[in-house]
Amino acid sequence: MNTTAAAHSTEAAPGRIVLLTTSHRVAPGLLSWPAWRALHGADRVLCADGAHPQLPYLREAGVTVDEAAPTAEDLVAACAGGRTVVVVATGEGEPALTDGLARLAGSGRVSMPELELLPASYDLPGARLLDLVQVMDRIRAECPWSSRQTHQGLAKYAIEEAYELVESIEAGDRGELREELGDVLLQVVFHARIAEEDAEEPFSVDDVAGGIVTKLIHRHPHVFGDESATTPEEVKEHWLRTKAVEKRRASVTDGIPLGQPALALAAKLASRARTAGLAVPLPRGEGIGYTLLSLAAEAESRGTDPEAALRAAARTYRDAIRRTEGV
């Protein structure tokens, strides 16, 4: 090929457009190796957002970034001659630009450059929890209702949401289950955000998460330590043993909330006694309370949750009432 033909071939080469996306949930500058290679190898790097959090780190690494928002036509022209142009996408992902490139490609009027979408950083599992924390921070600061809430005032909502979660589980509704899990999670994050403002003993959602991580690791020595457990019963023994050491409780009944529903309370007491190997006879007395206590203990010994069993029966009763009413 002669020099003139080679020059013509170079000019005709359509080049390459790389749309570089990053996650705001990952610290700026922590990019993948393919992303850094593309940035350093590009003929030009563009970014429409002069305040993009990645820009200081790119420039520190020796990457020249032009603050520009080219149209699709401008970008295709910039790639002429086989050049590579990297576009550092803004948080919205540059929809106007990508739509314009799609229209150009569909028109058949121009020779399109090679198009590549290159994720430079990825969300780790659980990354959306960071969004929840940020949203809660803003709501706490700016919402007239949320900014005045206290632990005491929100307590009833935690109970309500927990019951709604149980109802969605028992109904087998996956969509409702996902929503109710979110509502329960909101209560945790809300209380943790309020706790940050305590003058004497503040703590944050990170302290809450750190505490439960430490607890889970300590109570699962068969996973994170040298002990072994091959059955659910052995796992439960590990859990109860380590919990007893942590809490330094004098009685197996310590830590059982007496304010929970009565059937659940009775079953929990029976479970603790049985697990501890205590042969404690049920108290005898007259009245429906003692009868219910006996039934709850019997259900627990059979592996049945008396609360769930009674709710199921109550729903059947409700349906019968509605049929009688013609509803």
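Laboratory data are not the source of any read-out in this text; all were calculated from the coordinates shown. Everything quoted here is computed from the prediction, not taken from an experiment. Because the Cβ atoms are built from the backbone with ideal geometry, glycine has one as well, and the counts that use them run over all protein chains shown.
Tell me the mean residue ellipticity at 222 nm calculated for the chain from its helices only (DSSP H runs of n ≥ 4, each -39500 (n - 2.57), averaged over every residue, nearest 500).
-18000 deg cm²/dmol
Against the longest principal axis of the chain, how steep is helix 262-275, in degrees 0 to 90 to the nearest 10, with axes from Cα atoms?
Result, in degrees: 90.
Set Lys and Arg Cβ to +1 and Asp and Glu Cβ to -1, take the dipole of the chain about its Cα centre, and tell me which of Ala120, Gly277, His151 lies farthest positive.
Of the options given, the answer is Gly277.
Could you line up Ser228, Ser204 from fewest to most neighbouring Cβ atoms inside 10 Å? Provide the component values of the computation, followed by the final result.
On the way: Ser228 9, Ser204 13.
Going from least to most buried by this count: Ser228, Ser204.
Quick one: divide the alpha-carbon radius of gyration of the range 125-203 by 2.2 N^0.38 Å and tell me what you get.
That works out to 1.20 for the range 125-203.
Charges on Cβ only, +1 for Lys and Arg, -1 for Asp and Glu, centred on the Cα centroid of the chain; of Val188, Val223, Leu310, which one is farthest towards the dipole's positive end?
Among Val188, Val223, Leu310, the one farthest towards the positive end of the dipole of the chain is Leu310.
If the viscosity is 1.306 mPa s and the temperature 10 °C, what Stokes-Einstein diffusion coefficient in µm²/s follows for the range 112-169 when Rh is the Kirkwood radius over Cα pairs?
Here the translational diffusion coefficient equals 103 µm²/s.
Take the Cα coordinates of the range 44-174, assign each an equal point scatterer, and use the Debye formula without solvent to give log10 I(q)/I(0) at q = 0.18, 0.19, 0.22 Å⁻¹.
Computed log10 I(q)/I(0) values: -1.08, -1.16, -1.38.
Please list 3J(HN,Hα) in residue order for the range 216-230, calculated via the Karplus relation 6.51 cos²θ - 1.76 cosθ + 1.60 where θ = phi - 60°; whole Hz, with x for glycine and proline.
5, 5, 5, 8, 10, x, 6, 9, 9, x, 9, 7, 10, 8, 10
Non-local amide H neighbours of Glu196 (under 5 Å, H modeled in plane, Pro and chain starts lacking H): which ones?
Distant-sequence amide H within range of Glu196: Phe203.
Return, for the Cα atoms of the chain, the radius of gyration and Dmax in Å, separated by a comma.
Radius of gyration, then largest Cα-Cα span, for the chain: 31.0, 109 Å.
Where does the range 3-119 land on the Kirkwood hydrodynamic radius, alpha-carbon pairs, in angstrom?
14.8 Å
Which one, Gly41, Ala105, Val88, is farthest towards the positive end of the dipole of the range 3-119 when Lys and Arg carry +1 and Asp and Glu -1 on their Cβ?
Sorting the options by dipole projection puts first Gly41.
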